[in-house]
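Just below is one structure, and these are the notes that go with it.
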Amino acid sequence: MRERARDKNRLQDIIEYADNVKMLIEGFDYEKLVADKRTYYSVMKNIEIVGEAAYMLTKAFKQAHPATPWKFVQEDIICQPDLRK
């Protein structure tokens, strides 16, 4: 039961930090974003937190939701060459 509550909290974190990313990138195109270091690194940090929260979800939860690309969310998204400068 405790793990279910932790999964719920991690999912709330994923939503919160994904919403932060949406808010931070509003009005930016790619070039403008990478030129604005403060916003760029804020976005990257929020994406990192999303990945960490996804990584911490229980195996049972991830198996119950196989349509979600968990590996991409928890590892690969931050490693995309277009996102790193």
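Throughout, read-outs are computed from the coordinates displayed, never taken from laboratory work. Since the model is a prediction, treat every value here as computed from it, not as a measurement. In this analysis, Cβ positions are derived from the backbone assuming ideal geometry, glycine residues included, and neighbour counts consider all displayed protein chains.
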Sticking with the crude label model, points 7 Å out along Cα→Cβ, report the distance from Ala67 to Glu31 in nm, one decimal please. 3.8
In the structure shown, do any of Lys32/Lys62; Lys8/Lys32; Lys37/Lys59; Lys8/Lys45; Lys22/Lys71 have a Cα-Cα gap over 31 Å, and if so which? Lys32/Lys62; Lys8/Lys32; Lys37/Lys59
Reciprocal mean inverse distance between Cα atoms of the chain - Kirkwood radius, Å: 13.7
Degrees, to the nearest 10: 2-25 long Cα axis against longest axis of the chain: 10
Degrees separating the helix 37-56 axis from the principal Cα axis of the chain, which is the longest one: 10
Given a 10 angstrom Cα cut-off, can you work out which residue in Glu48, Glu31, Glu75 is the most mobile in a GNM of the chain? Glu31
For the chain, calculated [θ]222 nm from helices alone, where every DSSP H run of n ≥ 4 adds -39500 (n - 2.57): -21000 deg cm²/dmol
